[in-house]
Amino acid sequence: MATPHSPRFSRPATGQADWTRSDRYHNSFLLPHDEALDFALKNTAAHGIPAISVSAAEGAFLNLVAKGLNAKRIVEVGTLGAYSSIWMARALPDGGELTSLEVSPKHAKVACSSVLVTMTDHDQVSEENLAHAGLSSKAKVLLGPALETMPKLSPTPPVDLVFIDADKENNGPYFQIARKLVRTGGVIIVDNVVRNGRVADPDVNSPDILGIRKLLEMVKNDPGVEATTIGTAGEKGYDGFMYISVRKGI
Ligand code: SAH
Ligand code: DHB
Ligand code: MG
């Protein structure tokens, strides 16, 4: 059996280069090259927006979760350039709907132009199609702070999947609002819950880290959900997803 002193453990620690190479290796078998996703990343970068979207492997995971749920309605908190929105919206059947919430007008605009979604203004009055075809009938970006827009979302039809990926300090309230939207059997996924291990470091107490700890407390105290965190080391560094299965939803 391998012990910490056996040769199996004597290799040098892995680092970012290994994780990136590993993601690319696996992706080369599992993920076909995708023009629209590449375009979204390039267009987002060209506008000076940081490259903090999910990785390709994580995007594919979100797509597969949505398909496994037969998702017809998806809510995303934090659009950025809509890279993750594209992955998830592609899992929707005709008539399905993804609503993505974004506070930055610049991000929302780029999302709509690069990703081919429809942007709805803050009051949801004027709907402006900023894009080509693709997902414009299925994906919408709702502009404004998610703490304001999310509570206004209708609980009917119930939501199958919520992806929380915005300001980490508000993860607690986003989870609470998501609970009022998601059906029994639905799923809430929260990105960036590991943050290089800093969430578990008692010396770190920044607002984002505190927000993730608050979420952990809430999930622990909620008898209607079961959850697990999966650490992810890949091209986007060392972080993690929390997968929350809603056993008793709306
Ligand atoms: N889900 C995206 C990445 C989102 S990055 C992807 O994987 O492709 C986080 C986004 O959350 C940023 O665009 C940021 O502007 C947005 N954001 C930050 N605070 C917010 C808030 N209070 N309400 C809505 N969006 C917010
Ligand atoms: C940041 C935000 C994210 O959603 C992410 O996946 C990585 C980084 C950030 O705000 O730095
Ligand atoms: Mg994220």
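Annotation: extensible slack from Lys180 through Ile250 equals 24.5 nm (criterion: 0.36 nm per residue apart, minus Cα-Cα distance). Taking a ≥ b ≥ c as the square roots of the eigenvalues of the alpha carbon gyration tensor, the range 17-246 is rounded, as a/c is under 1.5. Can you work out the FRET efficiency for the pair Glu217 and Asp94, with r the C-beta to C-beta distance and R0 = 25 Å, to the nearest 0.05? Rounded to the nearest 0.05, the efficiency is 0.05.
Which Cα, out of Ser137, Ser85, Ile250, lies furthest along the positive dipole direction of the chain (beta carbon charges, K/R +1, D/E -1)? It is Ile250. Grab the other residues whose beta carbon is less than 15 angstrom from that of Asn205, score K and R as +1, D and E as -1, and report the net. Net of charged neighbours comes to 0. Gain on full extension, evaluated as 0.36 nm per residue between Ser104 and His26 minus their Cα-Cα distance, stands at 24.7 nm. Sorting Phe61, Phe241 by solvent-accessible area of protein heavy atoms yields Phe61, Phe241, largest first, with a 1.4 Å probe. Of the residues His26, His47, ranked by 1.4 Å probe accessible area with the largest first, the sequence reads His26, His47. The Cβ shell under 14 Å around Lys72 holds other residues with a net charge of +2, Lys and Arg each +1, Asp and Glu each -1.
Counted by Cβ distance under 14 Å from Ala57, the other residues give a net charge of -3, where Lys and Arg count +1 and Asp and Glu count -1.
Per residue, the chain reaches -10000 deg cm²/dmol at 222 nm when only DSSP H runs of four or more residues are counted, each adding -39500 (n - 2.57). Basic side chains Lys and Arg get +1 at the Cβ, acidic Asp and Glu get -1 at the Cβ, and with that the dipole of the chain about its Cα centre reaches some 600 debye.
Mean Kyte-Doolittle hydropathy of 1.6 or higher plus an axial Cα length of 24 Å or more: which whole DSSP H helices in the chain meet both? The partial results should precede the final answer.
Values: long enough: none.
TM-like helix candidates: nothing returned.
Using per-residue counts of other Cβ atoms within 10 Å, averaged over each peptide, order 163-175, 218-230 from highest down. Don't skip to the end; give the middle numbers.
Numbers: 163-175: 22.6, 218-230: 14.2.
Top of the packing list down: 163-175, 218-230.
Across the chain, the relative contact order, built from alpha-carbon pairs under 8 Å that are at least six residues apart, equals 17 percent. Taking all protein chains as they are arranged and a probe of 1.4 Å, the heavy atoms of Leu64 leave approximately 110 Å² accessible to solvent. Less than 5 angstrom separates the built amide H of Ala139 from those of Leu98, Thr118, all sequence-distant by 5 or more or on a different chain. Surface composition of the range 17-246: carbon and sulfur atoms hold 56% of the protein heavy-atom accessible area at a 1.4 Å probe.
The values are calculated or read from the model by the stated rules, or taken from the named source; none is laboratory data. Predicted model, so just to flag it, every value in this text is computed and none were measured. Neighbour counts run over all protein chains shown; Cβ positions are idealised from the backbone, glycine included. These accessible areas exclude ligands, DNA and RNA; they are computed on the full protein's heavy atoms, side chains included. Shrake-Rupley method; radii C 1.70, N 1.55, O 1.52, S 1.80 Å.
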